[in-house]
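The values are calculated or read from the model by the stated rules, or taken from the named source; none is laboratory data. Treat the numbers as computed from the prediction; the structure is a model and nothing was measured. Cβ coordinates were reconstructed from backbone atoms using ideal geometry, including for glycine residues, and neighbour counts include every protein chain displayed.
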Amino acid sequence: MTTHDIPDSRTEEADLRADIYALLAALLREPPSEALRQWLAGLEGEPDDIRLSQAWSRLAAAAADSDVERLERAHFRHLIGVIQGDVLPYASYYREGGLMEASLVALRRDLKTLGIQRSADVSEPEDHLAAMCEVMAMLIGQNDQRAGSFFHRHLAPWANRCMHDLARVDTPFYAALGELATLFFQRESAILIDNTTLGTPVPGTSVHEDRGQALGAGE
């Protein structure tokens with residue numbers, strides 16, 4: 001076996017983290033399909049992290065104990081709603097108390113720098129948590145050192161609060177999803193701290209914007 005044949009544990013860990021971001025994005029954006037529900041029901045926890053392992057187990061149990069129709073209704077009630085859902089998973093809402101605020105403007109500048117555009121078939125603003133998780137999955141999957149800067153500028157100030165609110169809803173599946181995401185983001189915050197000074201920081205936001213001070217509404 002040559003050195004090129006030896007698996008890089010860091011690469012495997014990064015791939016796993018990217019996959020988790022992609023999964024969170026999928027579950028926040030829309031209810032799971034039957035195939036995804038069954039896959040989730042068979043998940044096992046991570047033995048190296050007891051709290052995350054327990055959260056994965058609770059999500060798996062909730063998936064096994066539910067069905068697609070109930071999850072479709074729950075997703076609409078909790079994350080969409082007729083006027084609004086129980087939880088509004090938008091950065092502007094949690095950082096500035098409204099939608100289409102300054103944090104969305106700053107995010108769009110950074111996404112433009114990264115060369116990322118919103119898909120034409122997506123109606124939600126880019127500061128939807130699902131969209132941000134998709135960006136993180138892409139950056140980590142590509143080993144882009146700007147992932148740490150992006151996380152701490154655009155997710156760290158509010159994502160945990162949002163998922164803590166989701167963890168309090170009355171549907172076991174989405175409560176478990178909120179708990180899992182909260183713990184995952186907490187771990188990501190620790191992992192990505194050391195990376196925020198590596199590579200080229202994501203330009204376009206000032207310290208004041210990072211702290212959530214409004215610069216004005218805009219789309």
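Among the residues of this structure, G115 counts as one that is free of Cβ contacts under 8 Å to residues at least 24 places away in the same chain, surrounded by fewer than 23 Cβ atoms within 10 Å (Cβ to Cβ) and closer than 30 Å to E12 by Cβ. Residue check: is V82 crowded, with 20+ Cβ neighbours inside 10 Å and either more than 18 Å from the chain's Cα centre (by Cα) or in a loop (DSSP other than H, G, I, E, B) (or both)? No; evaluated as a whole, the condition is false for this residue.
Here A18, A74 are screened, and the one residue that is outside any loop (DSSP other than H, G, I, E, B), touching a Pro at 6+ places or on another chain (Cβ under 9 Å), at pLDDT 95 or above and surrounded by 13 or more Cβ atoms within 10 Å (Cβ to Cβ) is A74.
Just wondering, is there one or more residues in the range 99-108 that are in a loop (DSSP other than H, G, I, E, B) and either buried (at least 17 other Cβ atoms within 10 Å of the Cβ) or in contact with a strand residue (DSSP E or B) (Cβ under 7 Å, 6 or more places away or on another chain) (or both)?
yes
Among the numbered conditions (1) under 28 Å from E13 (Cα atoms); (2) modelled with pLDDT of 95 or more; (3) under 17 Å from the mean Cα position of the chain (by Cα), the only one that S92 does not meet is (1). Just to be sure, is R118 modelled with pLDDT under 95 and under 18 Å from E30 (Cβ atoms)? Spelling it out, R118 is indeed modelled with pLDDT under 95 and under 18 Å from E30 (Cβ atoms).
Which residues, counting only those in the range 88-98, are in contact with a strand residue (DSSP E or B) (Cβ under 7 Å, 6 or more places away or on another chain) and among the hydroxyl-bearing types (S, T, Y)?
Y90
Within the range 39-53, the set of residues being assigned to a helix (DSSP H, G or I) and either surrounded by 16 or more Cβ atoms within 10 Å (Cβ to Cβ) or modelled with pLDDT of 95 or more (or both) comprises W39, L40, A41, L52. When the range 124-153 is limited to residues that are touching a residue at least 40 places away in the same chain (Cβ under 8 Å) and of a type in the set (S, T, N, Q), the one that is nearest to Y90 (Cα to Cα) turns out to be S149.
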